[in-house]
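Peer 1: Here's a structure for you.
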């Protein structure tokens, strides 16, 4: 028996002649394999609820390994009339998800009949897509945040990742933001009731602070970012090319092993 998996199930060459490789889906180059490691990636996406909606932030960097390759990558985009989706992880898979959502809006959104695809519907759709791909051992290497308005008129914020894991919370972050930004956001919004007393200005100040901390601490982040705000009245505001303000690296001189400070 031939122990090469790509030859299993083929006629024997010594009996039937040389096998024509172009008959095979693999073209004779080996078995079909799936990508198991992202190449060009985006880092954290942050989001939190406030009294009149949901606000999200994501920087504009797409890194090729450790190289800051693309500095104008938008990772927050509008879906339909009143939903924002923010994606971290592999950029090519992010673009594929964006294409899927565009097709979804074309095929299944019927605003003329008063039936809109709102954030919870898009969230459920993405959870099925991500779990389906995971079950095929061909995951989309992303973590996705979906923000908008629920059917009952309350703010909606949900998370789904490459394993199909889903949850909802008043403050969510992906990537390094899950370690560095979540504690800062939960000082302001840790429970659903907290969000009802937080204004848009307060939520925006928290996210600006978080983006600054991430630029200091996350080597795959950038000081240029975008902010998207979804209001309960259905309006969506997207601000681009925002720069972190009052940046200073003077604190680094006190870090052991950096500059004049010795270990």
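Read-outs throughout are calculated quantities, based only on the coordinates presented, and are distinct from any laboratory measurement. These numbers were taken from a predicted model, which means no experiment stands behind them. Note: ideal-geometry Cβ built from the backbone for every residue, glycine included; neighbour counts use all protein chains shown.
Peer 1: Please grab the % of Cα pairs in segment 129-263 that end up more than 22 Å from each other.
Peer 2: 50
Peer 1: Something else: Given an 8 Å cut-off on Cα distances and at least 6 residues of separation, report the relative contact order of the chain as a percent.
Peer 2: Reported relative contact order: 22 percent.
Peer 1: If you don't mind, there's one more thing I want to ask. Using only DSSP helix segments of four residues or longer, with each worth -39500 (n - 2.57), what per-residue ellipticity at 222 nm results for the chain after dividing by its residue count and rounding to 500?
Peer 2: Using -39500 (n - 2.57) per qualifying helix, the result is -8000 deg cm²/dmol.
Peer 1: Mean separation of Cα pairs under 8 Å and 6+ residues apart, divided by the residue count of segment 84-182: what relative contact order is that in percent?
Peer 2: 28
Peer 1: Still on this structure, I have one more. So for the pair residue 138, residue 71, with labels modelled 7 Å out along Cα→Cβ, what separation do we get in nm?
Peer 2: Between residue 138 and residue 71, the simple spin-label model gives 3.7 nm.
Peer 1: What angle, in degrees between 0 and 90 and rounded to the nearest 10, separates the Cα long axis of helix 200-217 from the longest principal axis of the Cα atoms of the chain?
Peer 2: Taking the Cα atoms of the chain, the angle to 200-217 is about 60 degrees.
Peer 1: Now a separate question. Angle, helix 119-135 long axis vs. longest principal axis of the chain, Cα atoms, 0 to 90°, nearest 10?
Peer 2: 40
Peer 1: What percentages, rounded to whole numbers, describe P(r) for the chain computed over all alpha carbon pairs with 10 Å bin width beginning at zero?
Peer 2: It works out to 7, 26, 29, 17, 10, 7, 3, 1, in whole percents.
Peer 1: A further question follows. If we sort 188-194, 205-211, 55-61 on the protection proxy, mean other Cβ atoms within 10 Å, highest first, what's the order?
Peer 2: Packing proxy ranking, top to bottom: 55-61, 205-211, 188-194.
Peer 1: Starting from the Cα of residue 95, step 7 Å toward the Cβ, then list every residue of segment 132-163 with an amide N under 18 Å from that point.
Peer 2: Within reach of a label on residue 95: 140-143.
Peer 1: Still on this model: Averaged over all directions, how much area does the convex hull of the C-alpha atoms of segment 190-246 cover when projected, in nm²?
Peer 2: Quarter of the Cα hull surface area: 5.0 nm².
Peer 1: While we're here: Hey, quick one: spin label on residue 251, modelled 7 Å out along Cα-Cβ, who in segment 186-207 has an amide N within reach, i.e. under 19 Å?
Peer 2: What the label zone holds, given the 19 Å backbone N cut-off, is 186-188, 205-207.
Peer 1: On a 0 to 90 degree scale, rounded to 10, what angle separates helix 91-108 from the longest Cα axis of the chain?
Peer 2: 90
Peer 1: Order by neighbour count: 250, 118, fewest other Cβ atoms within 10 Å first, most last.
Peer 2: Fewest-to-most Cβ neighbours within 10 Å comes out as 250, 118.
Peer 1: Separate question: Applying 1/(1 + (r/R0)^6) with R0 = 30 Å to the Cβ-Cβ distance of residue 178 and residue 113, what FRET efficiency is obtained, to the nearest 0.05?
Peer 2: The computed FRET efficiency comes out at 0.15.
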